[in-house]
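Q: Sharing a structure, written as structure tokens. Questions coming.
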Amino acid sequence: MTTASWYHRDISRVVAEDLLAKAGKDGCFLVRDSESVSGAYALCLLFQRHVHTYRILPDEEGLLSVQTIQGIQAKCFRTLTDLIGAYQQPNNGLVIPLLYPVNRAKEPVEEDSDGEDGRASHPPSLVPHSGIIAGSTSGWVTAQPNKAQISQQLQLRLQEQVHSSPASDFMGFMAEYLSHHLQLDLEALRNGNLQLRHLSTALVTACRGLHSEIDFTLAGLETLAKVFDPPSSPQSPVREQGLLASDPDLELLLSKISTVNHLLSSLERKVLKTLQETVTKHKLALPSVAVVHPPAAKPMAVQSFEVKVGKTQRASLTVDVESGTMAITKRGCSSPEETISQDKILQLIKYQSMQSKVRLVYDRDQHRSLTRDFIFQNARKREAFCQLLQLMKIQHSNLDEPDLISVYVGTWNMGSTPPPRSMASWLTSRGLGQTQDETTAGIPHDIYVIGTQENSLGDREWVEFLRASLKTLMSIDFRVVALQCLWSIKIVVLVKPEHERRISHVNTSSVKTGIANTLGNKGAVGVSFLFNGTSFGFVNCHLASGSEKTQRRNQNYSDILRSLVLGDKRLSSFDLTLRFTHLFWFGDLNYRLDMEVQDILAHVNKKEFETLMAVDQLILEREKNKVFLRFSEGDISFPPTYRYERGSRDSYVWQKFKTTGVRINVPSWCDRILWKSHPETHMLCNSYGCTDDIVTSDHSPVFATFEVGVTSQYVPRKAPGSSPESLACIEWDSIEVIVKTASRSKCYIEFYSYCLEESQRSGENSSQSSDIPGFLKLSWSAKQLPVLSPILSDLEYLLDQHLLLSIKGMDSCESYGECCIAMRSMIGSLAQQFETFLFHRGEETGSMRGWMKVRVPKDRRSTRERLYEWISFETDEMESDFPTLSKPALHAVRSRPLSLLDSASSYTNPAYFIFEGVPNTWAQCPRLSEPSYSQASDRQADRHLGHSPCRRLQSLTGAQACSSSKEQLQRSPHYSVPETISYGHQLSPSQIGRHKRPKSAILTRHPQTSGDCSLTALHMAWCLSDMDTEPPKRGSCLDPSQPEGRKNLLRHTRSALEPPPQSCWEGAGSQRDTRQLNRAGEKYH
């Protein structure tokens, strides 16, 4: 079965349909693994440009049959080959016989490393070459074996042991020997040399980690033995031989093992003899053991900041976190002008046009509040001041559970060498790039996640080294949440002791992506857990190396995404990136720069990093929607972290001399940290950089720190009511979906959420069409959609909840795409519009839009402000009175360098119907007829719901009135956000990283934009907007005179091809229009 060319193993549905579309003939077929049933298969058959999928299911006896409708006898077959052969005959129930198999592409035999990532080589392919009988274990099968055939046959025998042996990781080192060096030993043996020098070298390399483990154990055993030695006993001869030397020699290793064996065998006799003598003579005086208490956490020192107040006046701001006060002292004065306690501070407002400026809003008395502006020496000082005030608020709050935590993420390819004695710069985020200020660098984070690659230390040794390093720096004994290792790839999660009880549902997993996805020299390790009510996922990976292996790295990412088993098991059918509130992905991703070495070095010397970003393979692949869809990354303002000369950071070593020639390793940002969060959650990247003083490896360690909003296990203030009026509900008016598929299958929607007792399922779609080849449009009305009942009805609880939706085929139960919707923007008495993308197995497979509302009972609408909501962001064009704006909801990213052209449209990025031909310059906010507006009610409701005007506007228009680009953000006088803040998103093709709207979605281009319009998209938009050309009938739901008419006209008008009226951002009334839209459908009565 596995040798059949038409069997494509675990490819996705999208890939299978693409292969059949390229074949193009009716009767083309292939078989893949089923995504919905373990051990089953999916037969994909092309007929009349549509793909028909049949499930092949095994029965209790292992017989295979094609699933049939009820009442039809299924035909059973012993093997998949027999089944396919039978259905190649006509009249077997398929739409067309199986005529043309679509063959699986041959997997190239390649070395997965060019030897550039460390001092040790990585194993080659274990796939047997042609001419070798697969499955043979009885020696060499050729009559006259040569040296190459012997090597290949031994590799095959080693391959058979990899899966069953508990030491399969160790065998990877042996694979290198069998592939490259066995022939040299054979040649030496033929010449009479019996030493097998290359085997000895391979064993030394494989046992390198054993040296440190034995040294650690041996030192402890010797210490224990000395305790029971007589006072006149000489020193152990082991020490005299210098057993702790680092010379990795086999004789030394054997000597160490022999010493350990001797100590263990003699230690029990020695202890027994000593204790017997002590009992007999009664002369043992044991020294008193002092109880060593763990050091108390270091109190926060009082920090001072020099600032400018007004145009010329200087002052000093003193922050005392322990006492919870902030003092303002004018220059030249000995006593503070004013001391403000933390409970009086109402809001911090960061300016965006001036990165060093902040506005402080505080209560002076019960009847009035004051604002004061301060200008710091630089932006880093301002951020340190804000962070200290945030910490002061947290420490003195009355909350039992935190709203906000800090997360540290570090990644480092250690180059198979031990770490330095001190890693303080790495663990305190100091060095190059966006780094922590010295006033806050010593503040411990709540969670530390350390990922390493090519780490030669033992697991326990590495964990204890990290804990000891943090204890030295922070005086805190951090607790170990999880440790997961795959060969030399390790991930460690540490938390503060007070958070240990808040961690639950810890899961770990690993995926091998080395040669033939069998060896763990490349791959990923992951950890997931719940912090109270917030789910976290962390993935540390080491992808394929080599400048030319971009596609191999992309495939590594897809394999990890598909195979890593993390998070809630109920969400296993969802894309890994949707299973967690916050997902962090980091490691040695190995993406390189596509530029000549000398040009790279010139730009690095000038610190022209933006120019290099234009040729960064990872950014380019993300823009093509190949990897890391909708992920975020902080600004890179530090030099490439690879490939340095070991021992210094002054120069890059970009030449690698090998037997095959000179290998060029261009300086690159191989080591990266990315993240993805659910829509409308709080995530702020405070630092992203690398160290400049850790030089033991050819990679520099990279760090990033985050401010993350978390939720607690909510306890309702009131018992749930018995009447339906006291219960919240989630209602759907309609849902429309377009998926990229050549299937015509009917579909249903599954709904998942932590706020639901169990998953819910809709009926099959009420209508569908496939006017555009390769795409299927599906619609559900309110009759087919269930009313969902959350387990709790409190507004404060529902504001933090999310819904996960999965579109599944009725025939195969396989997913066509999944998405996440934040309930925060959907709360109200009138239905709100949402729009989002669909994902499946790392690919963008479609898009969804619809109307929904979350009804909350009047007696359960109380809520509170989160601790992270009291910091907002403003521009200089703001009024002097107290602003009542909550945090904006959108993520702004750095602008793309002008040298980097827009990427071509990708068929996997169908933003096709969401905008339906509306270009970027239109996709803001048309003027709409709205209910009467009250500024007082607007402000009160915004505080009540914790909504941002940007967030509400986003949910109403769906076309991103608050665009993620800095140019569009600056059109609004109040709603700019920093470049590294993320609140998630519902729909924004250009919102995360450097992704842009696909050209296929733009029918009318900006005058300055070059390129032809897409006729396919034009045809699609016209087809999908046919319904808009019919005038609404009197009394219908589209009649403007009807209460629901305005809502439906909004929905249908948005799909028209004519441009909307002038943007609501323009003109003097822009601010009022924004607030009106923000309140549309939001008022409670």
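Q: Among the residues of the stretch 508-524, what is the count of those that are in contact (Cβ under 8 Å) with a residue 60 or more places away in the chain, of a type outside the set (G, A, S) and under 16 Å from W585 (Cα atoms)? Steps first, answer last, please.
A: The initial filter retains those residues of the stretch 508-524 that are in contact (Cβ under 8 Å) with a residue 60 or more places away in the chain, namely 514-516, 518-522, 524.
Those left that are additionally of a type outside the set (G, A, S): 515, 518-519, 521-522.
This time we only want the ones that are under 16 Å from W585 (Cα atoms), so: 522.
So the count comes out to 1.
Q: Within the stretch 774-796, restricting attention to residues that are part of a helix (DSSP H, G or I) and open to solvent by 40 Å² or more (accessible area, probe 1.4 Å), which residue is farthest from F837 (Cα to Cα)? Talk me through it step by step, then tell me what you get.
A: As a first pass, look at the stretch 774-796 and keep what is part of a helix (DSSP H, G or I): 782-784, 795-796.
Adding the requirement that they be open to solvent by 40 Å² or more (accessible area, probe 1.4 Å) leaves 782-784.
Working: A782: 21, K783: 24, Q784: 21 Å.
The extreme case among them is K783.
Q: Of these, S369, S425, S429, S397, which one is under 22 Å from F706 (Cβ atoms) and more than 27 Å from the chain's Cα centre (by Cα)? Reasoning before the result, please.
A: Details: S369 fails: under 22 Å from F706 (Cβ atoms); S425 fails: more than 27 Å from the chain's Cα centre (by Cα); S429 fails: more than 27 Å from the chain's Cα centre (by Cα).
Result: S397 is the single residue among S369, S425, S429, S397 that is under 22 Å from F706 (Cβ atoms) and more than 27 Å from the chain's Cα centre (by Cα).
Q: Kindly list the number of the only condition in (1) more than 20 Å from V480 (Cβ to Cβ); (2) outside any helix (DSSP H, G or I) that fails for F536.
A: Checking F536 against (1) more than 20 Å from V480 (Cβ to Cβ); (2) outside any helix (DSSP H, G or I), the one that fails is (1).
Q: What are the pairs with Cβ atoms under 7 angstrom where one residue, in the stretch 474-489, is over 20 Å from S456 (Cα atoms) and the other, located anywhere, is assigned to a helix (DSSP H, G or I) and open to solvent by 20 Å² or more (accessible area, probe 1.4 Å)? Sequence gap at least six, or different chains.
A: D477/K471; D477/P497; F478/R467; R479/P497; R479/E500
Q: Moving on. Among the candidates S406, S397, S469, single out the residue that is farther than 26 Å from S316 by Cβ, modelled with pLDDT under 95 and open to solvent by less than 50 Å² (accessible area, probe 1.4 Å). Walk me through how you get there before you give the answer.
A: Numbers: S406 fails: modelled with pLDDT under 95; S469 fails: modelled with pLDDT under 95.
Going through S406, S397, S469 in turn, the sole match is S397.
Q: Of the residues V506, V525, which single one is aliphatic (A, V, I, L, M), out of contact with any Ser or Thr (no Cβ under 7 Å at 6 or more places or on another chain) and outside any loop (DSSP other than H, G, I, E, B)?
A: Numbers: V525 fails: out of contact with any Ser or Thr (no Cβ under 7 Å at 6 or more places or on another chain).
Checking each option against the conditions leaves just V506.
Q: When the residues of the stretch 1-18 are narrowed to those that are modelled with pLDDT of 85 or more and more than 29 Å from the chain's Cα centre (by Cα), which ends up most open to solvent (accessible area, probe 1.4 Å)?
A: Restricting attention to the stretch 1-18, the residues satisfying the condition of being modelled with pLDDT of 85 or more are 4-18.
With the extra rule that they be more than 29 Å from the chain's Cα centre (by Cα), the set shrinks to 4-7.
Working: A4: 16, S5: 49, W6: 28, Y7: 16 Å².
Among those that are modelled with pLDDT of 85 or more and more than 29 Å from the chain's Cα centre (by Cα), it is S5.
Q: For the stretch 516-553: of the residues being buried (at least 19 other Cβ atoms within 10 Å of the Cβ) and of a type in the set (A, V, I, L, M), which is nearest to L566 (Cα to Cα)?
A: Restricting to residues being buried (at least 19 other Cβ atoms within 10 Å of the Cβ) and of a type in the set (A, V, I, L, M), the top hit is V527.
Q: So L432 ticks every box in (1) crowded, with 20+ Cβ neighbours inside 10 Å; (2) within 25 Å of C670 (Cα to Cα); (3) not β-branched (V, I, T) but one. Which box is left unticked?
A: Going through (1) crowded, with 20+ Cβ neighbours inside 10 Å; (2) within 25 Å of C670 (Cα to Cα); (3) not β-branched (V, I, T) one by one, L432 breaks only (1).
Q: Quick one: is T53 under 29 Å from I807 (Cα atoms) and either open to solvent by 80 Å² or more (accessible area, probe 1.4 Å) or in a loop (DSSP other than H, G, I, E, B) (or both)? First the steps, then the outcome.
A: Values: under 29 Å from I807 (Cα atoms): yes; either open to solvent by 80 Å² or more (accessible area, probe 1.4 Å) or in a loop (DSSP other than H, G, I, E, B) (or both): no.
No.
Q: So, of the residues in the stretch 349-362 that are at pLDDT below 90 and touching a helix residue (DSSP H, G or I) at 6+ places or on another chain (Cβ under 8 Å), which turns out to be most open to solvent (accessible area, probe 1.4 Å)?
A: Among those that are at pLDDT below 90 and touching a helix residue (DSSP H, G or I) at 6+ places or on another chain (Cβ under 8 Å), it is Q355.
Q: Something else about it: Would you please name the residue that is modelled with the highest pLDDT, looking only at residues in the stretch 97-122 that are open to solvent by less than 80 Å² (accessible area, probe 1.4 Å) and either among the charged types (D, E, K, R) or over 43 Å from the mean Cα position of the chain (by Cα) (or both)?
A: Only one residue tops the list, namely P97.
Q: In addition: Within the stretch 305-322, restricting attention to residues that are loosely packed, with under 15 Cβ neighbours inside 10 Å and touching a strand residue (DSSP E or B) at 6+ places or on another chain (Cβ under 9 Å), which residue is modelled with the lowest pLDDT? Before you say what the answer is, go through the steps one by one.
A: Residues of the stretch 305-322 loosely packed, with under 15 Cβ neighbours inside 10 Å: 306, 310-314, 322.
Among the residues that remain, those that are also touching a strand residue (DSSP E or B) at 6+ places or on another chain (Cβ under 9 Å) are: 306, 310, 313-314.
Details: E306: 93, G310: 84, Q313: 90, R314: 92.
Going through the qualifying residues, I end up with G310.
Q: Let me ask you something else. With respect to T513, determine if the residue is open to solvent by less than 10 Å² (accessible area, probe 1.4 Å), hydroxyl-bearing (S, T, Y) and in contact with a Leu (Cβ under 9 Å, 6 or more places away or on another chain). Steps first, answer last, please.
A: On the way: open to solvent by less than 10 Å² (accessible area, probe 1.4 Å): yes; hydroxyl-bearing (S, T, Y): yes; in contact with a Leu (Cβ under 9 Å, 6 or more places away or on another chain): yes.
Criteria met by T513.
Q: A further question follows. Restricting the search to the stretch 654-704, which residues are aliphatic (A, V, I, L, M), surrounded by fewer than 24 Cβ atoms within 10 Å (Cβ to Cβ) and more than 15 Å from the chain's Cα centre (by Cα)?
A: Across the stretch 654-704, the qualifying residues are V662, I664, V666, I694, V695.
Q: Please find, among Y591, Y557, the residue that is touching a Phe, Trp or Tyr at 6+ places or on another chain (Cβ under 9 Å), open to solvent by less than 10 Å² (accessible area, probe 1.4 Å) and in a helix (DSSP H, G or I).
A: Working: Y591 fails: in a helix (DSSP H, G or I).
Exactly one of Y591, Y557 is touching a Phe, Trp or Tyr at 6+ places or on another chain (Cβ under 9 Å), open to solvent by less than 10 Å² (accessible area, probe 1.4 Å) and in a helix (DSSP H, G or I), namely Y557.
Q: Same structure again: Count, please, the residues in the stretch 299-329 that happen to be of a type outside the set (G, A, S) and in contact with a Pro (Cβ under 9 Å, 6 or more places away or on another chain).
A: Keep residues of the stretch 299-329 that are of a type outside the set (G, A, S), which gives 299-300, 302-303, 305-309, 311-314, 317-322, 325-326, 328-329.
Those left that are additionally in contact with a Pro (Cβ under 9 Å, 6 or more places away or on another chain): 318, 321-322, 328-329.
Number of matching residues: 5.
Q: Condition test on R372, is it over 24 Å from F703 (Cβ atoms) and either free of Cβ contacts under 8 Å to residues at least 24 places away in the same chain or not in a loop (DSSP other than H, G, I, E, B) (or both)? Step through it out loud before you land on a result.
A: Working: over 24 Å from F703 (Cβ atoms): yes; either free of Cβ contacts under 8 Å to residues at least 24 places away in the same chain or not in a loop (DSSP other than H, G, I, E, B) (or both): yes.
Yes: the conditions hold for R372.
Q: Within the set of pairs 6+ apart or on separate chains, which have a first residue in the stretch 848-862 that is touching a residue at least 60 places away in the same chain (Cβ under 8 Å) and farther than 24 Å from F775 by Cβ, a second that is of a type in the set (D, E) and not in a helix (DSSP H, G or I), and C-beta atoms under 6 Å apart?
A: K853/E731; R860/D794
Q: Next question, about the same structure. Can you tell me how many residues within the stretch 398-412 are of a type in the set (S, T, N, Q), in contact (Cβ under 8 Å) with a residue 40 or more places away in the chain and over 26 Å from K357 (Cα atoms)? Walk me through it before giving the result.
A: We begin by selecting, within the stretch 398-412, every residue of a type in the set (S, T, N, Q); these are 398, 406, 411.
If we keep only those that are in contact (Cβ under 8 Å) with a residue 40 or more places away in the chain as well, we get 406, 411.
If we keep only those that are over 26 Å from K357 (Cα atoms) as well, we get 411.
Counting residues in the stretch 398-412 that are of a type in the set (S, T, N, Q), in contact (Cβ under 8 Å) with a residue 40 or more places away in the chain and over 26 Å from K357 (Cα atoms) gives 1.
Q: If G647 meets every condition in (1) over 26 Å from the mean Cα position of the chain (by Cα); (2) at negative phi apart from one, which number is that one?
A: In the conditions (1) over 26 Å from the mean Cα position of the chain (by Cα); (2) at negative phi, G647 misses (2) alone.
The values are calculated or read from the model by the stated rules, or taken from the named source; none is laboratory data. In this text, all values refer to a predicted model and were calculated from it rather than measured experimentally. Every residue, glycine among them, receives a Cβ derived from its backbone with ideal geometry; neighbour counts consider all protein chains shown. Keep in mind that these areas ignore ligands, DNA and RNA; they rest on the heavy atoms of the full protein, side chains included. Shrake-Rupley method; radii C 1.70, N 1.55, O 1.52, S 1.80 Å.
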